[in-house]
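Here's the structure, in structure tokens; my notes come after.
The values are calculated or read from the model by the stated rules, or taken from the named source; none is laboratory data. Worth saying up front: this structure is predicted, and the values here are computed from it rather than measured. Cβ atoms come from the backbone with ideal geometry, glycine included; neighbour counts cover every protein chain shown. For accessibility, only protein heavy atoms count, side chains too; no ligands or nucleic acids. Shrake-Rupley method; radii C 1.70, N 1.55, O 1.52, S 1.80 Å.
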Amino acid sequence: MPASRRKLLFFTFLYKAVNSLILFVSSAIVAHGLNRPDRGEFQLAGSYQQTGNTIFGGFMNYYAFALRKRPQETVAVVQAGNFLVYTVSALTWLAAALLFVVPLPVAHISRIWFFALLAMGFTFIYGYGSRILNAMDEQSWLNRMNLAQPLLFLLLYIPLWLDRHLSEAAKLSWTYNLWIVSFAVAVGLTMIITYRHLRHAGILRWRVSLRELAGTLNYGGWSAAAQGTSNIARNVGYWCLASNKDILSVYGIALVMAEVLNNLSGSIIQLVFARMTGGSREDAIAVTQSSTRQTLLSSSLAAAVMMVTFPWLLVLAFGPKYYGAIVPFLILLPGYVLRAGGSVIMQYFTNSLGQPFRAVVMNVFYIGVNGLLIWALWHVCPPLVTVAVATTLSSLVSFITYVWWFRYSTGQPGHTVWLVRRSDFRPYLEVVRSLLTKVRGTRSRHD
């Protein structure tokens, strides 16, 4: 990997770290700003929004894939994507308005679903724009746009959190409204940046294309299924605790903390997408090998820091009533490291070979192994420990399967994707040397 790419990888990782920090602070502030039932309602709306965005985002993956495979047809691909994403978003907003505002006798949705659908419409568009930026390999801009919504929501929410005179009902209403405003502004910024980088005449037009629609349903459909089953895989243990709300809330905090690592590891997948999709098979294999090792290395280093610091942060941010989340959090971290490495390997099959159905198979396999382990351990360990251990062991089994699958498909030795080499430490050493050089230069100028 060239030095410029290694530095970009490192700074992309830093952007993800900042993003994770913002999300963590926002979660803690909302937890203190709202009472527990209202906080639960708002989080539930967020989970619905995220699930819908995850599934629809699978269809949007096709447009990033098509742009990398057919760069000479950029205008046609983007015009077809414009038609689909804006139409679906408009229909989502219309459905939310009709089912919530208009008192229809047949169906009526709750406030949770109303705001979830409003947010979904914006995140559909945002996901489309971010995937186009990724396909164009505009990683610096993509990093900035990923920070836009969570940072804006945090800045808007701090004054609300400081206001001690608002009623509980008013606080929840304002939380919903600021959440939607942050999405709307972030989406507008993202699409302005995206269209400016495309620099093609007619790029804003909409066009119906049977070819692109077929690709959306075929490749995008499998990708949506892959992301949908991945979402189930992440939550299967969480849902197994749903019968006990107290235990569920404690485990939910452990998941929030562990998801920080998942967010960090996504930086490498984001960075290598363009090379893995648009390059040759040999280049894609080499990128997969080096990127998987980098993911395992960076995630392991981050996990080590989190093991030391996050238990203290958990108590500080959420209070001593969540002490019980520390043990499952520590158990979950190794599994998240392995899942991060496996996700990069799966990108080779989905983005280089164009076979997203393999991700569906692996996600279903993971769900099955996880469910079986939970069943086997349920009467042996406490529920929190049972679910956390089953999740981490399932991640280990899945990673071993990923490595075997990659070895079988490419003929490359399995250790090339997990055995860290001395050269894998270069990005960190180069950035440290660069920072030390700048510090010395600053001191010499002052002297």
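What residue, among those in region 267-296 that are outside any loop (DSSP other than H, G, I, E, B) and surrounded by fewer than 18 Cβ atoms within 10 Å (Cβ to Cβ), is modelled with the lowest pLDDT?
Filtering region 267-296 for residues that are outside any loop (DSSP other than H, G, I, E, B) and surrounded by fewer than 18 Cβ atoms within 10 Å (Cβ to Cβ), the one modelled with the lowest pLDDT comes out as ARG281.
Farther than 25 Å from THR229 by Cα and not in a helix (DSSP H, G or I): is that true of HIS32 in this structure?
When the stated conditions are applied, HIS32 does not pass them.
Restricting attention to region 149-159, and to residues there that are in contact (Cβ under 8 Å) with a residue 24 or more places away in the chain and open to solvent by 20 Å² or more (accessible area, probe 1.4 Å), which single residue is farthest from GLY127 (Cα to Cα)?
In the first step, residues of region 149-159 are kept if they are in contact (Cβ under 8 Å) with a residue 24 or more places away in the chain; the result is 149-154, 156-158.
Filter again for open to solvent by 20 Å² or more (accessible area, probe 1.4 Å), leaving 149, 151-152, 154, 156, 158.
Values: GLN149: 12, LEU151: 17, LEU152: 17, LEU154: 20, LEU156: 22, ILE158: 26 Å.
For region 149-159, the residue satisfying everything is ILE158.
Look through region 366-383, keep the residues that are aliphatic (A, V, I, L, M) and in contact (Cβ under 8 Å) with a residue 60 or more places away in the chain, and return whichever of them is nearest to THR401 (Cα to Cα).
As a first pass, look at region 366-383 and keep what is aliphatic (A, V, I, L, M): 367, 369, 372-374, 376-377, 380.
In the following step, the residues that additionally are in contact (Cβ under 8 Å) with a residue 60 or more places away in the chain were identified as 367, 374.
On the way: ILE367: 14, ILE374: 20 Å.
Looking at residues that are aliphatic (A, V, I, L, M) and in contact (Cβ under 8 Å) with a residue 60 or more places away in the chain, I get ILE367.
Could you please let me know if TRP113 is under 27 Å from ALA224 (Cα atoms), aromatic (Phe, Trp, Tyr) and in a helix (DSSP H, G or I)?
Working: under 27 Å from ALA224 (Cα atoms): yes; aromatic (Phe, Trp, Tyr): yes; in a helix (DSSP H, G or I): yes.
Yes: the conditions hold for TRP113.
LEU91 is checked against (1) closer than 19 Å to TRP206 by Cα; (2) aliphatic (A, V, I, L, M); (3) open to solvent by less than 50 Å² (accessible area, probe 1.4 Å) and fails just one. What number does that condition carry?
Just one mismatch for LEU91, condition (3).
Scan region 167-203 residue by residue and report those that are surrounded by fewer than 14 Cβ atoms within 10 Å (Cβ to Cβ) and assigned to a loop (DSSP other than H, G, I, E, B).
Result: SER167, ARG199, HIS200, ALA201, GLY202.
Given the options ALA119, ALA64, ALA80, name the one that is open to solvent by less than 20 Å² (accessible area, probe 1.4 Å) and either assigned to a loop (DSSP other than H, G, I, E, B) or under 30 Å from HIS32 (Cα atoms) (or both).
Exactly one residue qualifies, and that residue is ALA119.
Quick check on region 30-59: of everything there that is open to solvent by 40 Å² or more (accessible area, probe 1.4 Å) and farther than 16 Å from PHE124 by Cβ, which residue is nearest to the chain's Cα centre (by Cα)?
SER47
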